[in-house]
Amino acid sequence: MSVPKRRTAPAVINHLVAFEAAARLGSFRAASDELHVTPGAVAQQVRTLEDKLGLALFERLPRGLKPNRHGSDYLERVRLALHIIEDASSELLDRDAPGDPHQVLLSTTPAFASRWLIPRLGRLAAAHPQIALMIDASDSTRPLSGKGAVDMAVRWGAPPFANGHARPLLPGQAVPVCAPSLRGEHHWQHAAELAELPLISDSHNNWKRWFDHYGLPATRFTGPSFSQTILAIEAAEQGMGIALVPGLLVENALKAGTLVVALAGHALPSAAGFYMLTEQSLPAGCATAKVAQWLEHEAQLHG
């Protein structure tokens with residue numbers, strides 16, 4: 001009994017690259033310009049691919065090319081394969097490329113970077129003048145390994161975290177704060193009175209938990225709402241209402257007098273906080289380990 005011979009997929013990636021470029025750009029000439037080869041070379045690579053597959057992939061038009069039904073289906077898979085190869089190559093080169101041993105890339109939130117970390121960077125420079133700390137301030141989390149990896153991160157939340165070794169850094173207790181001018185216009189003394197004022201919200205929705213914590217009925221907030229805590233803090237400094245934010249993020253503003261506590265003794269406890277995320281094991285004495293130790297020291301002394 002004879003077994004039908006199965007057609008094998010082409011193994012030469014140049015054929016696939018030429019096919020993808022010609023399909024995307026609509027002509028052999030445009031593809032040749034992009035690939036820095038002659039139009040004839042692109043045409044030959046595409047013809048070879050079609051011969052290996054036993055299928056035509058293009059409609060040859062008077063002015064250019066258009067993938068036919070087979071070509072369109074094949075193009076989608078080829079693009080995916082080329083992207084996978086490109087990503088794998090980039091990750092391999094990034095992993096093996098010698099990096100600057102004194103450079104540390106730290107990912108954190110804009111609020112933590114602006115309100116807690118940046119005011120302390122002078123002490124880091126004094127303690128470790130050889131370390132170059134690069135800060136990626138974004139609400140988007142980044143991995144600690146693989147594509148787009150950072151060396152370490154400081155993130156809000158509660159364990160367990162999806163990846164990385166998490167160490168508690170700073171507590172997340174929130175306090176109600178406002179501009180001195182707004183506090184001077186009012187003489188509120190009880191938590192229920194705050195419901196009548198503009199309450200500034202952010203993505204953490206702390207105010208609902210605050211009212212629940214103090215046994216008060218739910219209220220319709222009349223103040224502005226922001227996607228980031230840093231914007232809520234800035235709005236409070238501008239006198240737009242009362243913000244309920246982690247106390248550690250406004251400690252400098254309270255010392256400087258740009259913010260005041262709106263109602264003393266009415267903080268909001270939280271099981272969440274700021275955690276430092278690193279790989280499970282850091283080489284002793286490496287720059288990342290030194291920054292991690294410095295962060296923990298700062299949190300203990302100046303948290």
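The values are calculated or read from the model by the stated rules, or taken from the named source; none is laboratory data. Quick caveat, the model's predicted, so the values are computed rather than measured. Cβ coordinates were reconstructed from backbone atoms using ideal geometry, including for glycine residues, and neighbour counts include every protein chain displayed.
Structure notes:
- A single member of 148, 122, 164 is at pLDDT 90 or above and assigned by TED's automatic domain parsing to the domain that holds residue 295, and it is 122.
- Flag if residue 50 is surrounded by 17 or more Cβ atoms within 10 Å (Cβ to Cβ), charged (D, E, K, R) and more than 41 Å from the chain's Cα centre (by Cα): yes
- Selection status of residue 300, over 23 Å from the mean Cα position of the chain (by Cα) and either exposed (fewer than 15 other Cβ atoms within 10 Å of the Cβ) or outside the structural domain of residue 200 (by TED's automatic domain parsing) (or both): yes
- Verdict on residue 263 being free of Cβ contacts under 8 Å to residues at least 12 places away in the same chain and buried (at least 18 other Cβ atoms within 10 Å of the Cβ): no
- Criterion applied to 221, 226 was being of a type in the set (A, V, I, L, M, F, W, C), under 22 Å from residue 264 (Cα atoms) and either without any contact (Cβ under 8 Å) to a residue 24 or more places away in the chain or out of contact with any strand residue (DSSP E or B) (no Cβ under 6 Å at 6 or more places or on another chain) (or both), and the one residue passing it is 221.
- Taking first residues from the stretch 72-94 that are modelled with pLDDT under 85 and partners that are aliphatic (A, V, I, L, M) and part of a helix (DSSP H, G or I), the Cβ contacts under 9 Å between residues at least 6 apart in sequence or on separate chains come to 85/13.
- Matching residues, the stretch 20-39, being within 22 Å of residue 72 (Cβ to Cβ) and part of a loop (DSSP other than H, G, I, E, B): 26, 27
- For the criterion of being at pLDDT 90 or above, within 23 Å of residue 154 (Cβ to Cβ) and assigned to a strand (DSSP E or B), residue 232 fails.
- Entry remark, the stretch 266-275: residues being out of contact with any Phe, Trp or Tyr (no Cβ under 8 Å at 6 or more places or on another chain) and at pLDDT 95 or above number 1 in total.
- Pick from the stretch 210-235, criterion β-branched (Val, Ile, Thr) and either within 24 Å of residue 111 (Cα to Cα) or touching a Pro at 6+ places or on another chain (Cβ under 7 Å) (or both), ranking: surrounded by the fewest Cβ atoms within 10 Å (Cβ to Cβ): 222
- Options 177, 150; residue that is assigned to a loop (DSSP other than H, G, I, E, B), crowded, with 20+ Cβ neighbours inside 10 Å and in contact with a strand residue (DSSP E or B) (Cβ under 6 Å, 6 or more places away or on another chain): 150
- Of the residues screened, residue 257 is not one that is small (Gly, Ala, Ser), buried (at least 17 other Cβ atoms within 10 Å of the Cβ) and in contact (Cβ under 8 Å) with a residue 60 or more places away in the chain.
- Any chance residue 59 is in a strand (DSSP E or B) and modelled with pLDDT of 90 or more: yes
- Selection from the stretch 243-257 of residues that are in contact with a strand residue (DSSP E or B) (Cβ under 8 Å, 6 or more places away or on another chain) and aliphatic (A, V, I, L, M): 243, 244, 245, 248, 250, 253, 254
- Pick from the stretch 266-290, criterion in contact (Cβ under 8 Å) with a residue 24 or more places away in the chain and aliphatic (A, V, I, L, M), ranking: nearest to residue 211 (Cα to Cα): 268
- Among the residues making up the stretch 236-248, a single one is in a helix (DSSP H, G or I), surrounded by 21 or more Cβ atoms within 10 Å (Cβ to Cβ) and at pLDDT 95 or above: 236.
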